[in-house]
Structures are given as C-alpha cells and as structure tokens.
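Visitor: Provided herewith is a single structure, encoded as structure tokens, for subsequent inquiry.
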Amino acid sequence: MIPAVALGVVLLFSILAFAATEQWTLSIAQCGIFILCVHGAIRGKVRFHPVALLPAGVACVGAIELAAGITVYRHVTVNSIVDWVSYAAVFLVSRSVFADPEAGLAFRRAILYAGASVAVLS
C-alpha cells in the first residue's frame with residue numbers, strides 16, 4: 001500500500017508542478033520515480049516486462065547519439081534520455097503497484113478525488 005501512496009504523491013506533484021518551467025520540478029518527480037523503482041527492485045516487487053524495452057530503447061538511441069557525437073545539442077539529449085528512462089521506470093513501478101486489484105481500486109479512487117480537487121482549484 002505504501003508504494004501506491006508514494007506513486008500517487010509523485011504523480012500528483014508532477015501534475016501540480018506542470019506549469020513551472022524550471023528543471024528542478026521535473027527532476028524531483030523523476031528522482032521520486034527512480035527511488036520507487038529501486039526500492040521495489042530491492043524488495044523484489046518490480047520485475048522486468050518486455051514492454052519496458054520500448055521507452056528504454058528510445059533512451060538507448062539517445063545514448064548512441066551521445067556516444068557517436070552526432071547529437072546537435074548534448075544537454076537536451078541527456079535530458080531526453082533521463083525522461084525516457086523515467087517513463088520506463090513509471091511503467092515498471094505502476095505494473096508492480098497495480099498487481100494487487102485492491103490497491104489499484106484504492107489508487108483509482110484517490111486519483112479521482114485528487115483530480116476533482118485540482119479541477120476545482122484550477
């Protein structure tokens with residue numbers, strides 16, 4: 001249950017910080033996802049799934065561009081690699097969190113209330 005709550009907090013933070021243009025807002029959300037993924041992997045909850053190869057493959061293309069020196073703007077390429085790796089991590093963490101149907105139902109209910117609250121505040 002704690003990983004589901006932590007995932008919800010990270011996703012809610014990323015939604016609330018969406019309008020900010022500073023890099024630190026995205027970095028905080030990505031660090032949270034990476035921490036959840038590493039924590040789940042250590043506990044044996046996060047397991048590999050072949051679909052995670054899709055965003056990881058896009059990150060590998062960026063890494064190949066960096067290694068070959070054919071990228072136009074290194075900083076943006078590095079940021080894109082981190083983005084795509086975090087997408088793969090979100091997929092793996094979500095898959096492990098929602099393996100339990102009860103946790104999935106509670107998570108969807110919490111997201112419903114949080115989304116309605118954000119809509120009212122907006």
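The values are calculated or read from the model by the stated rules, or taken from the named source; none is laboratory data. Keep in mind it's a predicted model, so treat the numbers as computed, not measured. Cβ placement follows ideal geometry from the backbone for every residue including glycine, while neighbour counts extend to all protein chains displayed. Areas reflect the complete protein model, heavy atoms only, side chains present, ligands, DNA and RNA absent. Shrake-Rupley method; radii C 1.70, N 1.55, O 1.52, S 1.80 Å.
Visitor: Could you work out what % of the accessible surface of the chain is carbon and sulfur, using a 1.4 angstrom probe and leaving DNA, RNA and ligands out of the count?
Guide: 72 percent
Visitor: Something else: Near Ala4, within a Cβ-to-Cβ distance under 14 Å, what is the net charge of the other residues, with Lys and Arg +1 and Asp and Glu -1?
Guide: So the environment of Ala4 carries a net charge of +3.
Visitor: State whether the chain is rounded, prolate or oblate according to the following rule on the C-alpha gyration tensor (a ≥ b ≥ c being the square roots of its eigenvalues): a/c under 1.5 gives rounded; otherwise a/b larger than b/c gives prolate, and the remaining case gives oblate.
Guide: oblate
Visitor: Something else now. Nearest 10 degrees, 0 to 90: what angle lies between the long axis of helix 23-43 and the longest principal axis of the chain (Cα atoms)?
Guide: Around 70 degrees separate the two axes.
Visitor: Roughly how many Å² is the accessible area per residue of the stretch 46-122, as a whole number, for a 1.4 Å probe?
Guide: Result: 67 Å² per residue.
Visitor: I want the local charge near Gly40. Using Cβ-Cβ distances under 11 Å, sum +1 for each Lys or Arg and -1 for each Asp or Glu among the other residues.
Guide: Its environment carries a net charge of +4.
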